[in-house]
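Student: Before we start, here is the structure in question, set down as structure tokens.
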């Protein structure tokens, strides 16, 4: 029986955001006869339980709080040189490197910004092939200049291969002259996102339009742009009900409070509902007539745009980041300039008045989603990247005999770190091939 190679995914945070859900879909679509997934988080959280419930081998190696919780806007100036932070980061890299060796990892696949740095350095220490899965834009709107220069330099030198979720991300990370070093793999969706699509848009306008936006509450996600456009539509006499799905995740409660204050100040209370996080976003958006994506900074590959396209819901998105690519440069949805509520208002009015355009966006969007955004396609393309960088000599450093064909894992659960530890079987159980690596 052929041994599955071990690929280790590293993600510094354990919140259930878009990157974590995208990673779970990637792992679910993997060919387990070829690759065995191991996932490492830097903290306990809902994403850890998500993977464990799905039977994925999952570990928690806690990152020191002031390293793991450092916000991007705090990385300017000499923040990288603070002795305590630098020491703790180096200690964590050594911890990861020790884990990679002990667990006999053969490919390291980093999935978040801090994981690219910490997990990437640990992989290099162990001479393990490294793939960065860039789900963030290396763009001045998202990172201070110092951090931006460091991450762009590392993107060109540290990983063996860079996987990006859009061409826009590849260009920001590697520059316009060197995008070929990146493999563009758009995120995929679970099969159930394509089931029970919304009814085709009606030729006649509804009594009340239902328009929504989805995402964690953050200034760059543009919920304020959405509400400003909402106020203008109501002032112009349109009958619209607006819904916001999401809530603050990373200390952005003040922004959420300002959104509510704006609604109160503009008498939008009867037209706007804040629904928080909902368990089934695709099901909720199927009840809308239009989905709005209003980010004020480049958004790499917003999952909700993919979900709306798969559901057959017309999309109006801000013209930046990966959104124009997803919408085929406006052929599968409306586009408007970023951070422009007037343009968003006009685009929505245009869609309200054009029933044929609504139908065209819904039909073409769903067809594009079916052809490009299935999770099986993502797993196959990412696996091809691993195949290209895989080093068979890494196998010589295997230390866990149970991974060989004639061995059985023995599991015990650690209550101190939240990780699952494994015990080597007795020497008599070890295969001849594994013995030299275990000595």
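The values are calculated or read from the model by the stated rules, or taken from the named source; none is laboratory data. Everything quoted here is computed from the prediction, not taken from an experiment. Neighbour counts run over all protein chains shown; Cβ positions are idealised from the backbone, glycine included.
Student: Checking the condition touching a helix residue (DSSP H, G or I) at 6+ places or on another chain (Cβ under 8 Å) and surrounded by fewer than 17 Cβ atoms within 10 Å (Cβ to Cβ), which residue from 225, 278 passes?
Tutor: After ruling out the rest, the residue left standing is 278.
Student: Output the number of the condition that residue 211 fails; it satisfies all remaining conditions of (1) over 28 Å from residue 378 (Cβ atoms); (2) in contact with a helix residue (DSSP H, G or I) (Cβ under 9 Å, 6 or more places away or on another chain); (3) not in a strand (DSSP E or B).
Tutor: Condition (3) is where residue 211 drops out.
Student: Next up: Which members of segment 38-68 meet the condition of being surrounded by 21 or more Cβ atoms within 10 Å (Cβ to Cβ) and under 22 Å from residue 377 (Cβ atoms)?
Tutor: Within segment 38-68, 39, 51 qualify.
Student: Is it the case that segment 195-217 has a residue that's surrounded by fewer than 16 Cβ atoms within 10 Å (Cβ to Cβ) and under 23 Å from the mean Cα position of the chain (by Cα)?
Tutor: The answer is yes; a qualifying residue exists.
Student: What tally of residues in segment 77-134 results from selecting those that are at pLDDT 95 or above, under 18 Å from residue 164 (Cβ atoms) and either assigned to a loop (DSSP other than H, G, I, E, B) or not assigned by TED's automatic domain parsing to the domain that holds residue 391 (or both)?
Tutor: 2
Student: Separate question: Among the candidates 343, 369, which residue alone is over 20 Å from residue 137 (Cβ atoms), in contact with a helix residue (DSSP H, G or I) (Cβ under 7 Å, 6 or more places away or on another chain), at pLDDT 95 or above and part of a helix (DSSP H, G or I)?
Tutor: One residue alone meets the criteria, 369.
Student: Where in segment 248-336 are there helices (runs of 4 or more DSSP H), lying wholly inside it, with at least 3 residues that are over 23 Å from residue 143 (Cβ atoms)?
Tutor: 253-265, 281-285, 303-311
Student: Restricting to segment 125-147, what's the tally of residues that are surrounded by 16 or more Cβ atoms within 10 Å (Cβ to Cβ) and either closer than 22 Å to residue 383 by Cβ or under 19 Å from the mean Cα position of the chain (by Cα) (or both)?
Tutor: Total satisfying the criteria: 15.
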